[in-house]
Amino acid sequence: MKKMEVAVLVLGDIGRSPRMQYHCMSLSTMENVETVYFVGIEGEGCVPGLEMDPKIEKRTIREPYTKNLPRWMYLLSLPVKIFQQMLQLFLILMFSIGSSEYILVQNPPCIPTFVIVKLVAWLRGIKVIIDWHNLGFSVLALKLGENHPLVLVARIYEKVFAHIGDYHICVTRALKEWLCDSFSLSENKITVMYDKAPGFFHPRNVVEKHRLFYKLSDDLFSNGFGRCPATMYETPFTKATPSASANDEEENRGHYDPYTDDDPTTKFKLALKPDRPRLLIR
């Protein structure tokens, strides 16, 4: 089976782009994919599964030097910011993503992403897949208003460069229909792919809950929240008691630590308290 390399691109903080992170992790599970290059702006860390995956390599873009300028200089510095991003992105896609056959790019943002991806795809013969989260011009309209000249220009730009995609992904059927009607994209090239939480998202079991409330005890319970202070063995929500097989309670208590004991249920029985308070998170 022929092995191939692919690139996943988001012109944003890669650590705050969960959908694109999950794309990387899904692609890495494919037998015919040898390497996944994750390209984006450096920032927050990614999920542990991605960070530890030997098949995924990050290629990060540095934040533009205009980031720390005063707000009133935003419009003046915008061309500089775009130029810096365009230059870094072009160099990475040309020389740092191996022999990638596909680029999966998130939209928005499409400025300047689509221009650079189009140029690189033409120079290197790479196929482009666009993942439509939203519409770039509509996001800009929230800031500037629907009738602002820049919004009108952005809409024309997005409509023209939408056709760089050999294939398209979108999050709803309504968006697929809109792209076909308004941007004249081929229905056969668009696949609806709904957002779905990965497997590591799940309801916490009682062991995980006990560890969580113990870890958060200083923040949650320092002001007298609940009817008892949080300890290694008891929180207002959970309680650890020696299991039936334990012969010496004190001996077992000395061995239990919610941070280091991988399976405390071998020595202790962890349970939710029937009279636990309700916790409302805003």
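The values are calculated or read from the model by the stated rules, or taken from the named source; none is laboratory data. The model shown is predicted, which means the values in this text are computed figures rather than measured ones. Glycine also receives a Cβ, built like all others from the backbone with ideal geometry; neighbour counts cover every protein chain displayed. The protein model used for the area step is the full one, side chains on, heavy atoms only, and it has no ligands, DNA or RNA in it. Shrake-Rupley method; radii C 1.70, N 1.55, O 1.52, S 1.80 Å.
Structure values in brief
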quantity	calculated
Fraction of accessible area attributable to carbon and sulfur, the range 8-146 (%, probe 1.4 Å)	60
Qualifying GluC sites (Glu not before Pro) for the range 70-163 [loop in DSSP, other Cβ within 10 Å: at most 16]	GLU146
Of LYS143/LYS196; LYS118/LYS176; LYS81/LYS159, pairs whose Cα-Cα distance is over 26 Å	LYS143/LYS196
Charge sum, other residues only, whose C-beta stays under 13 Å from GLU31's C-beta, Lys/Arg counted +1 and Asp/Glu -1	+2
Spherically averaged projected area in nm², based on the convex hull that wraps the Cα atoms of the range 80-185	7.0
Solvent-accessible heavy-atom area per residue, rounded to whole Å², over the range 1-148 at 1.4 Å	54
Share of carbon and sulfur in the accessible heavy-atom surface of the range 155-197 [1.4 Å probe, %]	50
³J(HN,Hα) computed for each position of the range 111-126 - Karplus, 6.51 cos²θ - 1.76 cosθ + 1.60, integer Hz, glycine/proline x	10, x, 3, 4, 5, 5, 4, 4, 5, 5, 4, 5, 6, 10, x, 9
